[in-house]
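This report concerns only the one structure given below.
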Amino acid sequence: MKETIRKKAKELGADLVSFLNLRDYISPRSPDPHRYLSSARSIVVLAFKPLAGAYHYQENTWSKMPSYLYGMEAAGNTAAYHLGRFIEREFNAESFLVQAHRPFEIDEETFRSPIGSVSLRHAAVQSGLAVWGKNTLALTPQFGPRVMYLGLLNSLDLESDPPLKNYDPCATCGYDCRANCPGKAFTEDGRVLSHRCVRVSQPNDVGNFMRFLIEIAEKPTMEERLEMMKSPRFFRHLQYLQFFIHYHCDQCTRHCPADLEASVEN
Ligand code: B12
């Protein structure tokens with residue numbers, strides 16, 4: 001059954017596929033997956049590789065985003081949806097698509113540091129697709145951290161794939177991703193402070209928009225306020241809010257050399 005699903009997922013465009021039985025899923029801060037699918041017994045983890053252009057830019061533009069987040073998310077959602085329907089039809093199962101990013105459940109506890117329905121990094125590591133990196137990303141031997149994960153919770157009792165052995169790229173890495181983080185977002189014990197990361201990586205997000213609004217409110221004259229409203233900065237915020245995420249910084253992903261010594265065929 002696993003091989004049939006793996007083959008179908010690859011045909012649908014997934015670059016990497018693994019399986020995790022929920023018995024082996026440990027992510028203490030994440031919700032119980034049964035909240036989303038009461039019959040859930042395992043997760044299919046899917047990884048999609050961005051287009052090469054996403055990381056080859058000279059200038060950090062909005063225009064890179066379709067090569068990365070938007071394109072992969074649309075393709076990933078479509079592939080995962082069709083895989084879910086395939087599993088439901090072929091194996092009389094139920095499935096639930098674990099989104100790559102948004103929307104989150106937003107409440108008082110999590111609105112400053114969002115938590116996904118399933119922690120896809122934990123699932124990727126625990127199912128042998130990746131290992132934890134010092135940058136807190138899930139590093140694959142094939143592509144390093146440069147993948148987007150999606151998941152498919154499902155009611156099939158699929159066995160977990162074994163964790164990766166003999167792959168520890170951080171052990172010999174000369175790039176200090178934590179020290180080089182422009183947002184100084186890494187804590188001493190290696191966690192990421194969301195607000196510090198977002199302030200730099202998503203300069204047009206809602207928090208930075210609020211800062212912009214406060215600056216406008218503090219301007220003494222109407223003329224100065226109008227000048228700010230007519231600035232490119234305002235339109236960048238507007239575009240972000242209307243459209244989707246713009247990652248300005250992705251240094252911990254882009255400069256990670258984890259796949260450079262890959263022994264696995266890409
Ligand atoms: C919310 C979120 C964020 C938030 C908060 C991140 C956070 N601290 O969890 C913010 C906005 C900051 C963020 C930033 C980024 N994100 Co993000 N994010 C998510 C999302 C949607 C949910 C994560 C979640 O539930 N976290 C809460 C819980 C699970 O975290 P936790 O239990 O506290 O675990 C954390 C630590 O304790 C630590 N940890 C836990 N166990 C262990 C064990 C070991 C050994 C180690 C070393 C660490 C470690 O790792 C976790 C990260 O801090 C996931 C998608 C998903 N559904 O998983 C994408 C996801 C994690 N993000 C992703 C990406 C690409 C990014 C950015 C690179 C984007 C960018 N350019 O800015 C940065 C990377 C910052 C970084 N180095 O972590 C990818 C990661 C891909 C990969 N190869 O690992 C994911 C999986 C999205 C996807 N679908 O592919 N993200």
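Just for segment 1-19: of the residues that are within 13 Å of the ligand (Cβ to nearest atom) and not small (Gly, Ala, Ser), which one is farthest from residue 78 (Cα to Cα)?
Applying the first criterion (within 13 Å of the ligand (Cβ to nearest atom)) to segment 1-19 yields 14-16.
Adding the requirement that they be not small (Gly, Ala, Ser) leaves 15-16.
Details: 15: 14, 16: 16 Å.
This residue is 16.
Conditions: (1) more than 15 Å from the chain's Cα centre (by Cα); (2) surrounded by fewer than 14 Cβ atoms within 10 Å (Cβ to Cβ); (3) among the aliphatic types (A, V, I, L, M). Residue 74 meets all but one. Number of the miss? Going through (1) more than 15 Å from the chain's Cα centre (by Cα); (2) surrounded by fewer than 14 Cβ atoms within 10 Å (Cβ to Cβ); (3) among the aliphatic types (A, V, I, L, M) one by one, residue 74 breaks only (1). Within segment 173-208, being surrounded by 15 or more Cβ atoms within 10 Å (Cβ to Cβ), of a type outside the set (S, T, N, Q), touching a helix residue (DSSP H, G or I) at 6+ places or on another chain (Cβ under 9 Å) and assigned to a loop (DSSP other than H, G, I, E, B) holds for 177, 178, 181, 183, 185, 203, 205.
Does residue 115 count as at pLDDT below 95, within 25 Å of residue 240 (Cβ to Cβ) and more than 10 Å from the ligand (Cβ to nearest atom)? I'd like the intermediate steps shown before the answer.
Details: at pLDDT below 95: yes; within 25 Å of residue 240 (Cβ to Cβ): yes; more than 10 Å from the ligand (Cβ to nearest atom): no.
No, not satisfied.
One residue stands out in segment 156-170 among those that are away from the ligand (no atom under 13 Å from the Cβ) and closer than 12 Å to residue 20 by Cα: the one that is surrounded by the most Cβ atoms within 10 Å (Cβ to Cβ), namely 158.
If the condition is being touching a residue at least 24 places away in the same chain (Cβ under 8 Å), within 20 Å of residue 13 (Cβ to Cβ) and within 8 Å of the ligand (Cβ to nearest atom), then segment 124-143 contributes 124, 130, 140.
Looking for whichever is within 16 Å of the ligand (Cβ to nearest atom) and not polar (S, T, N, Q) here; the options are 211, 199, 233. Which one fits? Steps first, please.
Numbers: 211 fails: within 16 Å of the ligand (Cβ to nearest atom); 233 fails: within 16 Å of the ligand (Cβ to nearest atom).
On inspection, the qualifying residue turns out to be 199.
The single condition among (1) under 25 Å from residue 102 (Cα atoms); (2) of a type in the set (A, V, I, L, M); (3) in contact with a strand residue (DSSP E or B) (Cβ under 9 Å, 6 or more places away or on another chain) that residue 206 does not satisfy is (3). Checking each residue in segment 230-250 for being assigned to a helix (DSSP H, G or I) and not charged (D, E, K, R) picks out 232, 234, 235, 237, 238, 239, 240, 241, 242. A single entry from 174, 190 fulfils the requirement of being more than 28 Å from residue 78 (Cβ to Cβ) and either modelled with pLDDT of 95 or more or near the ligand (Cβ under 8 Å from one of its atoms) (or both): 190.
The values are calculated or read from the model by the stated rules, or taken from the named source; none is laboratory data. Quantities reported herein were computed from a predicted structural model and do not represent experimental measurements. We place every Cβ from the backbone using ideal geometry, glycine too, and count neighbours over all the protein chains shown.
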